[in-house]
Amino acid sequence: MTKYENQLPTSAGMNFKSLISILRDSMRGNVERRPSGTMPMEICEPAETFSASDNPQVTWFGHSAFLLEIEGHRLLFDPMLGNRPSPVSWVGTKRYSTNLPIQPEDFPTLDAIIISHDHYDHLDYDSIRRLKDKTKRFIVPLGVRRRLIQLGVPSEQITEHNWWDELSFKGLTFACTPARHFSGRGLFDRNSTLWCSWVIAGQHTKVFFSGDSGYGPHFKEIGSKYGPFDLTLMECGQYDERWSNIHMMPEETVQAHLDVGGKLLIPIHWAAFTLAYHAWNEPVERITKAAHALNVKIATPKIGEKVVLHTEHYPTHPWWRPELG
C-alpha cells in the first residue's frame, strides 16, 4: 500500500501523556463546546445562471464546505453536508445546526467538486452520493479516486493530483499544493491517500484553500509560486497544542495567510462540529483579534451568507456572540 508523507516530520502528538490529558479535558464542563442557542444562518438559493461579469463570491456552509462562484463557474469544496463526521450515523459529534442553508439535492449544476483529503469531516459519503449527479468533474488528491468510485462516481470524471500538479479546466488553473496533515478513514489505511491545499486561479481572481494543515514553510513556498491571492479560506478550529503539527492555532492561521500573500481572509473549519476541546466560538474570537493586530482584512460570514470579492464590503458582524447574534 502506498504511504504518503509530509514535507517535514509530523507527529499527531498522540502519546500516552497526551491521551491522559485528553481524557481529563473530555470530562471538563466549564467550556461551551457547542452553541447553547440556534445558530444564525442565511438560507440560500444559488441561481441557475451566474454571469461571468459578476464579481466572484463565496458561500460558506460551515466547517470547510464552501461554494466558490468564479468567472462563470461554480466550484464546491469539501462538501461535508452530513449530520456527523463519522463512519456510522449514530456515533460521533453531531452538527450544531439541525438544518442547512441548502440541501444537496437543491444545488444548481456544478462545474466541479474539489476535495482536500479523505477524512470524514471533509469527504462525506452521503453528501457525495446526493451531489454526484450535479457535476461531471471531481478534482482530488492522489488515492481519493477509489473512494469516489465506491460511491458510483465514474472513474473518467475524476482527476487525481500530486503536490505541485497543475490542471487547466474551463479557463481556470488549479494547483494541488502541499499541506501538513494526514489521511485515512479506518484503523489500517493511515496516509494511504494524499492530503493537500488548493490554488484556484482565474483571469482576474486568485483563491487559496488551505485544506487541513499545521503551520509550516509550505505556505511561503505556495505564496512565492502562486501568490498573491485575492482570497484565502484557511482552517481555523479543532486545534490543540497537543496536535498543533496537523492543525494550526488561530494566530498561525493569520501568519499563513500573510505567508501566501492573502488579501482577504475567511476562517473556516469551525462552527459545525466539536472535534477539539476549545469553546466552539474561540477560533473566531482568536483569529479576529490576531487579524486586527496585524491589519489583515478578515470576513466572518454567517453560515450561508455570501462574501463578494473585489468590493470593500464584506461581513464582519460578530454573530457568534449570543448578545450580538
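The values are calculated or read from the model by the stated rules, or taken from the named source; none is laboratory data. From a predicted model like this one, the values you see are computed outputs, not experimental measurements. Here Cβ is always computed from backbone atoms with ideal geometry, including for glycine, and neighbour counts include all displayed protein chains. Ligands, DNA and RNA are stripped out before the accessible areas are found, and what is left, the full protein with its side chains, is counted by its heavy atoms. Shrake-Rupley method; radii C 1.70, N 1.55, O 1.52, S 1.80 Å.
Springs between alpha-carbon atoms under 10 Å, Gaussian network over the chain: tell me which of 115, 246, 43 tops the mean-square fluctuations. Top of the fluctuation ranking is 43.
The order of the peptides 175-187, 199-211 by mean Cβ neighbours within 10 Å, most packed first, is 199-211, 175-187. In this structure, the residue pairs whose Cα-Cα separation is over 29 Å, taken from 134/225; 3/302; 94/170; 94/302; 3/170; 206/302, are 134/225; 3/302; 94/170; 3/170.
Which whole number in µm²/s is D for the chain by Stokes-Einstein, with the Kirkwood Rh taken over Cα pairs at 37 °C and 0.692 mPa s? The partial results should precede the final answer.
Working: Rh = 19.8 Å.
Taking Rh from Cα pairs, D becomes 166 µm²/s.
Between rounded, prolate and oblate, where does region 225-309 land on the alpha carbon gyration tensor, with a ≥ b ≥ c its root eigenvalues, rounded for a/c under 1.5, else prolate if a/b exceeds b/c? Don't skip to the answer; put the middle values down first.
Working: a/c = 1.78, a/b = 1.29, b/c = 1.37.
Taking the square roots of the gyration eigenvalues as a ≥ b ≥ c, region 225-309 is oblate.
By average Cβ neighbour count within 10 Å, what is the ranking of 253-266, 282-295 from highest down? Could the numbers behind the result be given before it?
Numbers: 253-266: 23.4, 282-295: 17.4.
Sorting 253-266, 282-295 by mean packing, highest first, produces 253-266, 282-295.
Separation of region 125-147 and region 149-223, taken as the distance between their Cα centroids, equals 13 angstrom.
Fully extending the segment from residue 11 to residue 310 would add 103.7 nm, taking 0.36 nm per residue of separation and subtracting the current Cα-Cα distance.
Compute the whole-percent fraction of alpha carbon pairs in region 70-180 spaced more than 25 Å apart. Intermediate values should be presented prior to the final figure.
Details: 1339 of 6105 pairs.
I get 22 percent for the Cα pairs in region 70-180 exceeding 25 Å.
The portion of the accessible surface of the chain made up by carbon and sulfur, rounded to a whole percent, is 51 (1.4 Å probe; DNA, RNA and ligands excluded). Taking only the Cα atoms of region 62-130, the radius of gyration and Dmax are 12.2, 40 Å. Counting only Cα atoms, region 136-292 measures 45, 42, 25 Å along its principal axes, largest extent leading.
Using the per-residue mean of other Cβ atoms lying within 10 Å as a proxy for protection, in what order, highest first, do the peptides 214-220, 164-170 fall?
Numbers: 214-220: 20.6, 164-170: 13.0.
The densest-packed peptide leads the list: 214-220, 164-170.
Name the residue from 152, 267, 76 whose Cα lies farthest towards the positive end of the charge dipole of the chain, charges +1 on Cβ of Lys and Arg and -1 on Cβ of Asp and Glu. Result: 152, furthest along the dipole toward the positive end.
Here the gap between residue 321 and residue 2, fully extended at 0.36 nm per residue and compared with their Cα-Cα distance, gives a gain of 110.3 nm. The length gained on full extension between residue 149 and residue 93, counted as 0.36 nm times the residue separation minus their Cα-Cα distance, comes to 17.5 nm.
Rounded to the nearest whole Å², what accessible area per residue is found for the chain with the 1.4 Å probe? Intermediate values should be presented prior to the final figure.
Working: 13890 Å² over 325 residues.
Solvent-accessible surface per residue comes out at 43 Å².
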